[in-house]
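Colleague: One structure, pasted below without further comment.
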(Lines give C-alpha, C1' and ligand atoms only; values in the text may rest on other atoms or scores of the structure.)
Protein backbone atom coordinates (compact mmCIF):
# COMPACT_ATOMS: atom_id res chain seq x y z
CA UNK A 1 0.00 0.00 0.00
CA UNK A 2 1.31 3.44 -0.94
CA UNK A 3 0.09 6.80 0.39
CA UNK A 4 0.38 9.59 -2.19
CA UNK A 5 0.14 13.12 -0.77
CA UNK A 6 -1.00 15.58 -3.46
CA UNK A 7 -1.77 15.39 -7.18
CA UNK A 8 1.74 16.68 -7.96
CA UNK A 9 3.15 13.43 -6.54
CA UNK A 10 0.79 11.26 -8.58
CA UNK A 11 2.46 9.42 -11.44
CA UNK A 12 0.63 7.47 -14.10
CA UNK A 13 0.09 3.90 -12.94
CA UNK A 14 0.94 1.03 -15.26
CA UNK A 15 -2.33 -0.88 -14.91
CA UNK A 16 -6.08 -0.31 -14.84
CA UNK A 17 -7.81 0.51 -11.58
CA UNK A 18 -11.00 0.60 -9.53
CA UNK A 19 -11.49 3.79 -7.52
CA UNK A 20 -13.65 4.95 -4.64
CA UNK A 21 -13.82 8.60 -3.56
CA UNK A 22 -14.99 10.41 -0.45
CA UNK A 23 -14.19 12.18 2.81
CA UNK A 24 -14.59 8.91 4.72
CA UNK A 25 -14.99 10.80 7.98
CA UNK A 26 -15.48 8.18 10.67
CA UNK A 27 -14.85 5.16 8.41
CA UNK A 28 -18.41 4.08 9.30
CA UNK A 29 -20.35 1.07 8.00
CA UNK A 30 -21.36 2.90 4.81
CA UNK A 31 -17.72 3.66 4.03
CA UNK A 32 -16.79 0.08 4.83
CA UNK A 33 -19.37 -1.11 2.30
CA UNK A 34 -17.70 1.05 -0.36
CA UNK A 35 -14.32 -0.39 0.61
CA UNK A 36 -15.60 -3.97 0.47
CA UNK A 37 -17.07 -3.52 -3.02
CA UNK A 38 -13.93 -1.77 -4.28
CA UNK A 39 -11.76 -4.64 -3.06
CA UNK A 40 -14.17 -7.20 -4.52
CA UNK A 41 -14.11 -5.61 -7.99
CA UNK A 42 -10.33 -5.26 -7.85
CA UNK A 43 -9.93 -8.95 -7.14
CA UNK A 44 -12.49 -10.03 -9.74
CA UNK A 45 -10.98 -8.02 -12.61
CA UNK A 46 -7.35 -7.90 -11.44
CA UNK A 47 -7.39 -4.11 -11.00
CA UNK A 48 -5.40 -1.82 -8.75
CA UNK A 49 -7.57 -0.67 -5.84
CA UNK A 50 -7.34 3.05 -5.15
CA UNK A 51 -9.02 5.20 -2.53
CA UNK A 52 -9.16 8.97 -3.00
CA UNK A 53 -9.78 11.40 -0.16
CA UNK A 54 -9.27 15.10 0.48
CA UNK A 55 -7.29 17.15 2.96
CA UNK A 56 -8.64 19.46 4.16
CA UNK A 57 -12.12 18.06 3.72
CA UNK A 58 -13.96 20.18 1.11
CA UNK A 59 -16.35 21.88 3.56
CA UNK A 60 -13.40 22.78 5.79
CA UNK A 61 -11.92 24.71 2.88
CA UNK A 62 -15.21 26.20 1.68
CA UNK A 63 -16.90 26.99 5.01
CA UNK A 64 -13.85 27.37 7.28
CA UNK A 65 -15.02 27.54 10.90
CA UNK A 66 -18.61 26.62 9.98
CA UNK A 67 -17.57 23.21 8.64
CA UNK A 68 -18.79 20.05 10.41
CA UNK A 69 -16.56 18.82 13.23
CA UNK A 70 -14.50 15.80 12.25
CA UNK A 71 -15.25 12.37 13.64
CA UNK A 72 -11.74 11.15 12.80
CA UNK A 73 -8.62 13.26 12.49
CA UNK A 74 -6.42 12.75 9.42
CA UNK A 75 -3.79 10.55 11.04
CA UNK A 76 -6.37 8.21 12.53
CA UNK A 77 -8.30 8.09 9.27
CA UNK A 78 -5.23 7.06 7.28
CA UNK A 79 -4.28 4.39 9.81
CA UNK A 80 -7.76 2.89 9.61
CA UNK A 81 -7.81 2.97 5.80
CA UNK A 82 -4.39 1.32 5.63
CA UNK A 83 -5.83 -1.68 7.48
CA UNK A 84 -8.05 -2.38 4.42
CA UNK A 85 -4.98 -3.04 2.22
CA UNK A 86 -5.77 -0.90 -0.79
CA UNK A 87 -3.00 -0.66 -3.38
CA UNK A 88 -2.89 3.13 -3.17
CA UNK A 89 -4.36 5.96 -1.14
CA UNK A 90 -4.39 9.28 -2.98
CA UNK A 91 -4.82 12.25 -0.66
CA UNK A 92 -5.70 15.32 -2.74
CA UNK A 93 -5.09 18.77 -1.29
CA UNK A 94 -8.43 20.53 -1.56
CA UNK A 95 -7.60 24.12 -2.50
CA UNK A 96 -8.79 26.89 -4.80
CA UNK A 97 -7.35 25.23 -7.90
CA UNK A 98 -8.87 21.83 -7.20
CA UNK A 99 -12.25 23.28 -6.20
CA UNK A 100 -12.43 25.01 -9.59
CA UNK A 101 -12.02 21.80 -11.64
CA UNK A 102 -15.08 20.86 -13.67
CA UNK A 103 -16.47 17.34 -13.24
CA UNK A 104 -15.13 16.33 -16.65
CA UNK A 105 -11.66 17.78 -15.99
CA UNK A 106 -11.44 15.86 -12.72
CA UNK A 107 -12.43 12.61 -14.42
CA UNK A 108 -10.10 13.05 -17.40
CA UNK A 109 -7.03 14.62 -15.80
CA UNK A 110 -6.83 12.40 -12.74
CA UNK A 111 -9.02 9.32 -12.92
CA UNK A 112 -8.56 8.49 -16.61
CA UNK A 113 -5.14 9.87 -17.58
CA UNK A 114 -3.32 9.07 -14.33
CA UNK A 115 -5.18 6.14 -12.78
CA UNK A 116 -6.62 4.38 -15.86
CA UNK A 117 -9.89 3.95 -14.00
CA UNK A 118 -12.23 1.22 -15.26
CA UNK A 119 -14.66 1.20 -12.31
CA UNK A 120 -15.70 3.84 -9.80
CA UNK A 121 -17.53 2.84 -6.61
CA UNK A 122 -19.68 5.61 -5.10
CA UNK A 123 -22.70 6.21 -2.92
CA UNK A 124 -26.13 7.32 -4.18
CA UNK A 125 -25.55 10.95 -3.23
CA UNK A 126 -22.04 11.29 -4.69
CA UNK A 127 -21.24 14.84 -5.87
CA UNK A 128 -17.99 16.10 -7.39
CA UNK A 129 -16.33 18.86 -9.39
CA UNK A 130 -16.79 22.64 -9.37
CA UNK A 131 -19.60 23.68 -6.99
CA UNK A 132 -20.48 19.98 -6.68
CA UNK A 133 -22.04 20.12 -10.15
CA UNK A 134 -21.09 16.52 -10.87
CA UNK A 135 -23.57 13.81 -9.87
CA UNK A 136 -24.43 10.21 -10.73
CA UNK A 137 -26.18 11.22 -13.98
CA UNK A 138 -23.14 13.15 -15.20
CA UNK A 139 -20.87 10.33 -14.05
CA UNK A 140 -22.82 7.88 -16.20
CA UNK A 141 -22.47 10.11 -19.28
CA UNK A 142 -18.75 10.43 -18.69
CA UNK A 143 -18.55 6.66 -18.16
CA UNK A 144 -20.05 6.03 -21.59
CA UNK A 145 -17.67 8.54 -23.14
CA UNK A 146 -14.48 7.35 -21.43
CA UNK A 147 -15.26 3.67 -21.02
CA UNK A 148 -15.57 3.16 -17.28
CA UNK A 149 -18.38 1.66 -15.20
CA UNK A 150 -20.16 3.14 -12.19
CA UNK A 151 -20.95 0.91 -9.22
CA UNK A 152 -23.60 2.70 -7.18
CA UNK A 153 -23.90 1.56 -3.57
CA UNK A 154 -27.19 1.98 -1.74
CA UNK A 155 -27.07 3.64 1.70
CA UNK A 156 -27.18 1.55 4.83
CA UNK A 157 -29.82 1.97 7.54
CA UNK A 158 -29.67 0.98 11.19
CA UNK A 159 -32.71 1.41 13.45
CA UNK A 160 -34.41 2.97 10.40
CA UNK A 161 -31.81 5.77 10.39
CA UNK A 162 -29.36 6.32 7.56
CA UNK A 163 -25.76 5.51 8.44
CA UNK A 164 -23.89 8.75 7.76
CA UNK A 165 -21.23 10.98 9.27
CA UNK A 166 -23.92 13.61 9.88
CA UNK A 167 -26.06 11.20 11.89
CA UNK A 168 -23.04 10.00 13.88
CA UNK A 169 -22.31 13.60 14.87
CA UNK A 170 -25.96 14.04 15.83
CA UNK A 171 -25.94 10.90 17.97
CA UNK A 172 -22.79 11.99 19.79
CA UNK A 173 -24.20 15.48 20.39
CA UNK A 174 -27.16 13.78 22.09
CA UNK A 175 -24.87 11.53 24.20
CA UNK A 176 -26.16 8.50 22.27
CA UNK A 177 -22.80 6.75 22.12
CA UNK A 178 -24.46 3.38 21.58
CA UNK A 179 -26.12 4.56 18.34
CA UNK A 180 -22.94 6.26 17.09
CA UNK A 181 -21.02 3.04 17.73
CA UNK A 182 -23.70 1.05 15.87
CA UNK A 183 -23.23 3.29 12.82
CA UNK A 184 -19.44 3.05 13.05
CA UNK A 185 -19.45 -0.73 13.33
CA UNK A 186 -17.12 -0.39 16.32
CA UNK A 187 -17.01 1.41 19.64
CA UNK A 188 -16.67 5.15 19.28
CA UNK A 189 -13.13 6.01 20.32
CA UNK A 190 -10.72 8.91 20.62
CA UNK A 191 -7.17 8.60 19.41
CA UNK A 192 -4.27 10.74 20.52
CA UNK A 193 -0.79 11.06 21.95
CA UNK A 194 -0.44 11.35 25.72
CA UNK A 195 1.08 14.64 26.88
CA UNK A 196 2.19 16.01 30.24
CA UNK A 197 -0.61 17.30 32.46
CA UNK A 198 -0.50 19.45 35.58
CA UNK A 199 -0.19 16.38 37.88
CA UNK A 200 -3.14 17.45 40.06
CA UNK A 201 -4.77 14.04 39.65
CA UNK A 202 -1.65 12.38 41.03
CA UNK A 203 -1.73 14.56 44.16
CA UNK A 204 -5.26 13.38 45.02
CA UNK A 205 -4.73 9.71 44.25
CA UNK A 206 -6.07 9.62 40.70
CA UNK A 207 -3.18 9.99 38.22
CA UNK A 208 -4.31 10.61 34.64
CA UNK A 209 -3.01 10.32 31.10
CA UNK A 210 -3.88 13.46 29.13
CA UNK A 211 -4.72 14.12 25.49
CA UNK A 212 -5.21 17.63 24.12
CA UNK A 213 -8.39 17.79 22.02
CA UNK A 214 -9.63 20.07 19.28
CA UNK A 215 -11.74 22.91 20.71
CA UNK A 216 -14.60 21.84 18.44
CA UNK A 217 -14.49 18.29 19.76
CA UNK A 218 -17.63 16.21 19.15
CA UNK A 219 -18.41 14.75 22.55
CA UNK A 220 -20.06 16.83 25.23
CA UNK A 221 -17.95 17.74 28.24
CA UNK A 222 -18.29 15.38 31.16
CA UNK A 223 -17.20 12.11 32.75
CA UNK A 224 -17.27 8.80 30.86
CA UNK A 225 -16.76 5.09 31.45
CA UNK A 226 -13.89 4.10 29.15
CA UNK A 227 -11.31 1.51 28.21
CA UNK A 228 -7.99 2.20 26.53
CA UNK A 229 -5.65 0.29 24.27
CA UNK A 230 -2.65 1.07 22.18
CA UNK A 231 -4.03 2.37 18.89
CA UNK A 232 -5.42 -0.24 16.46
CA UNK A 233 -4.31 -3.02 18.80
CA UNK A 234 -7.48 -3.66 20.78
CA UNK A 235 -6.63 -7.19 21.94
CA UNK A 236 -5.85 -5.79 25.37
CA UNK A 237 -8.03 -3.07 26.90
CA UNK A 238 -7.62 -1.40 30.27
CA UNK A 239 -10.67 -0.17 32.22
CA UNK A 240 -10.81 3.40 33.46
CA UNK A 241 -12.66 6.66 33.87
CA UNK A 242 -12.26 9.74 31.72
CA UNK A 243 -13.05 13.41 32.04
CA UNK A 244 -13.45 15.54 28.93
CA UNK A 245 -13.36 19.27 29.49
CA UNK A 246 -11.42 22.28 30.68
CA UNK A 247 -8.97 21.68 33.50
CA UNK A 248 -8.29 21.91 36.33
CA UNK A 249 -11.98 21.68 37.10
CA UNK A 250 -11.69 23.72 40.30
CA UNK A 251 -9.57 26.50 38.76
CA UNK A 252 -10.37 27.61 35.20
CA UNK A 253 -6.87 28.53 34.04
CA UNK A 254 -7.26 28.11 30.28
CA UNK A 255 -9.76 27.22 27.59
CA UNK A 256 -8.02 24.13 26.21
CA UNK A 257 -10.09 20.95 26.01
CA UNK A 258 -8.47 17.81 27.41
CA UNK A 259 -9.31 14.18 27.73
CA UNK A 260 -7.97 12.87 31.05
CA UNK A 261 -8.12 9.14 31.71
CA UNK A 262 -7.46 7.33 34.98
CA UNK A 263 -6.95 3.56 34.79
CA UNK A 264 -8.10 1.18 37.50
CA UNK A 265 -5.77 -1.23 39.30
CA UNK A 266 -2.82 -0.74 36.98
CA UNK A 267 0.11 1.66 36.78
CA UNK A 268 1.41 2.27 33.24
CA UNK A 269 3.58 5.13 32.03
CA UNK A 270 1.69 6.29 28.93
CA UNK A 271 3.56 9.55 28.33
CA UNK A 272 4.14 10.16 24.58
CA UNK A 273 2.37 6.93 23.67
CA UNK A 274 -0.43 6.80 21.08
CA UNK A 275 -3.54 5.46 22.78
CA UNK A 276 -7.12 4.78 21.77
CA UNK A 277 -9.80 5.62 24.33
CA UNK A 278 -13.02 3.65 23.84
CA UNK A 279 -16.08 5.54 25.07
CA UNK A 280 -18.81 3.38 26.63
CA UNK A 281 -21.15 5.58 28.63
CA UNK A 282 -21.48 9.14 29.89
CA UNK A 283 -21.65 9.28 33.69
CA UNK A 284 -22.30 12.96 34.34
CA UNK A 285 -21.80 16.46 32.95
CA UNK A 286 -18.70 18.53 33.64
CA UNK A 287 -18.67 20.30 37.01
CA UNK A 288 -16.61 23.03 38.61
CA UNK A 289 -15.27 22.43 42.12
CA UNK A 290 -14.09 24.86 44.78
CA UNK A 291 -11.22 22.73 46.04
CA UNK A 292 -9.14 19.61 45.52
CA UNK A 293 -11.10 17.93 48.29
CA UNK A 294 -14.45 18.47 46.53
CA UNK A 295 -12.96 17.14 43.31
CA UNK A 296 -11.47 14.12 45.09
CA UNK A 297 -14.80 13.23 46.71
CA UNK A 298 -16.65 13.47 43.40
CA UNK A 299 -14.05 11.35 41.59
CA UNK A 300 -14.43 8.65 44.24
CA UNK A 301 -18.19 8.56 43.57
CA UNK A 302 -17.66 8.57 39.79
CA UNK A 303 -15.18 5.70 39.97
CA UNK A 304 -17.65 3.60 41.93
CA UNK A 305 -20.33 4.24 39.30
CA UNK A 306 -17.97 3.28 36.46
CA UNK A 307 -16.81 0.10 38.23
CA UNK A 308 -20.43 -0.90 38.82
CA UNK A 309 -21.22 -0.20 35.16
CA UNK A 310 -18.46 -2.48 33.90
CA UNK A 311 -19.31 -5.17 36.45
CA UNK A 312 -22.89 -5.21 35.15
CA UNK A 313 -21.93 -4.91 31.46
CA UNK A 314 -19.37 -7.44 30.27
CA UNK A 315 -17.74 -6.00 27.14
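The values are calculated or read from the model by the stated rules, or taken from the named source; none is laboratory data. Fair warning: this is a prediction, and the values are worked out from it, not measured in the lab. No Cβ is skipped: glycine too gets one built from the backbone with ideal geometry, and neighbour counts run over all protein chains shown.
Colleague: Report whether or not residue 168 is in contact with a helix residue (DSSP H, G or I) (Cβ under 6 Å, 6 or more places away or on another chain) and closer than 20 Å to residue 51 by Cβ.
Modeller: Working: in contact with a helix residue (DSSP H, G or I) (Cβ under 6 Å, 6 or more places away or on another chain): yes; closer than 20 Å to residue 51 by Cβ: yes.
Here the answer is yes, as residue 168 does meet what is asked.
Colleague: Cβ-Cβ distance below 9 Å, separation of 6 or more or different chains: which pairs start in the stretch 293-315 with a residue that is assigned by TED's automatic domain parsing to the domain that holds residue 207 and end on one that is exposed (fewer than 12 other Cβ atoms within 10 Å of the Cβ)?
Modeller: The qualifying pairs are 296/205; 299/205; 300/205.
Colleague: Might you let me know whether the stretch 169-177 holds any residue that is free of Cβ contacts under 8 Å to residues at least 24 places away in the same chain, under 24 Å from the mean Cα position of the chain (by Cα) and buried (at least 18 other Cβ atoms within 10 Å of the Cβ)?
Modeller: Going residue by residue through the stretch 169-177, those that are free of Cβ contacts under 8 Å to residues at least 24 places away in the same chain are 170-171, 174, 176.
Still in the running and under 24 Å from the mean Cα position of the chain (by Cα): 170-171, 174, 176.
Those left that are additionally buried (at least 18 other Cβ atoms within 10 Å of the Cβ): 171.
Yes, the stretch 169-177 contains at least one residue that is free of Cβ contacts under 8 Å to residues at least 24 places away in the same chain, under 24 Å from the mean Cα position of the chain (by Cα) and buried (at least 18 other Cβ atoms within 10 Å of the Cβ).
Colleague: Looking only at the stretch 13-28, count every residue that is over 14 Å from residue 87 (Cα atoms) and either more than 21 Å from the chain's Cα centre (by Cα) or surrounded by fewer than 21 Cβ atoms within 10 Å (Cβ to Cβ) (or both) and tell me the total.
Modeller: Going through the stretch 13-28 one residue at a time, the tally reaches 1.
Colleague: Restricting the first residue to the stretch 1-14 and requiring it to be under 23 Å from residue 39 (Cβ atoms), which pairs with a second residue that is at pLDDT below 85 and assigned to a strand (DSSP E or B) meet a Cβ separation below 7 Å and a spacing of at least six or different chains?
Modeller: Note: no pairs meet the criteria.
Colleague: Restricting to the stretch 256-283, name every residue that is assigned to a loop (DSSP other than H, G, I, E, B) and modelled with pLDDT of 95 or more. Step through it out loud before you land on a result.
Modeller: To start, the set of residues in the stretch 256-283 that are assigned to a loop (DSSP other than H, G, I, E, B) comprises 256, 264-273.
Those that are assigned to a loop (DSSP other than H, G, I, E, B) and modelled with pLDDT of 95 or more: none in the stretch 256-283.
Colleague: Can you tell me how many residues in the stretch 165-197 are part of a loop (DSSP other than H, G, I, E, B), in contact with a strand residue (DSSP E or B) (Cβ under 6 Å, 6 or more places away or on another chain), farther than 21 Å from residue 78 by Cα and assigned by TED's automatic domain parsing to the domain that holds residue 256?
Modeller: First, the residues of the stretch 165-197 that are part of a loop (DSSP other than H, G, I, E, B): 174-176, 185-188, 194, 196-197.
Subsequent filtering for residues that are in contact with a strand residue (DSSP E or B) (Cβ under 6 Å, 6 or more places away or on another chain) retains 175, 187-188, 194, 197.
Those still in the list that are farther than 21 Å from residue 78 by Cα too: 175, 197.
From the residues that got through so far, the ones that are assigned by TED's automatic domain parsing to the domain that holds residue 256 too are 197.
The total comes to 1.
Colleague: Do you know which residues across the stretch 30-52 are surrounded by 16 or more Cβ atoms within 10 Å (Cβ to Cβ) and part of a helix (DSSP H, G or I)?
Modeller: Our first condition is that a residue be surrounded by 16 or more Cβ atoms within 10 Å (Cβ to Cβ); within the stretch 30-52, this holds for 30-35, 37-39, 41-42, 47-52.
30, 31, 32, 33, 34, 35, 37, 38, 39, 41, 42 - these are the residues of the stretch 30-52 that are surrounded by 16 or more Cβ atoms within 10 Å (Cβ to Cβ) and part of a helix (DSSP H, G or I).
Colleague: Restricting the first residue to the stretch 28-44 and requiring it to be touching a residue at least 24 places away in the same chain (Cβ under 8 Å), which pairs with a second residue that is crowded, with 20+ Cβ neighbours inside 10 Å and part of a helix (DSSP H, G or I) meet a Cβ separation below 6 Å and a spacing of at least six or different chains?
Modeller: The qualifying pairs are 28/183; 28/184.
Colleague: I've got another one for you. Across the stretch 214-236, which residue is farthest from the chain's Cα centre (by Cα) among those that are surrounded by fewer than 18 Cβ atoms within 10 Å (Cβ to Cβ) and at pLDDT 90 or above?
Modeller: Looking at the filtered set, the residue picked out is 222.
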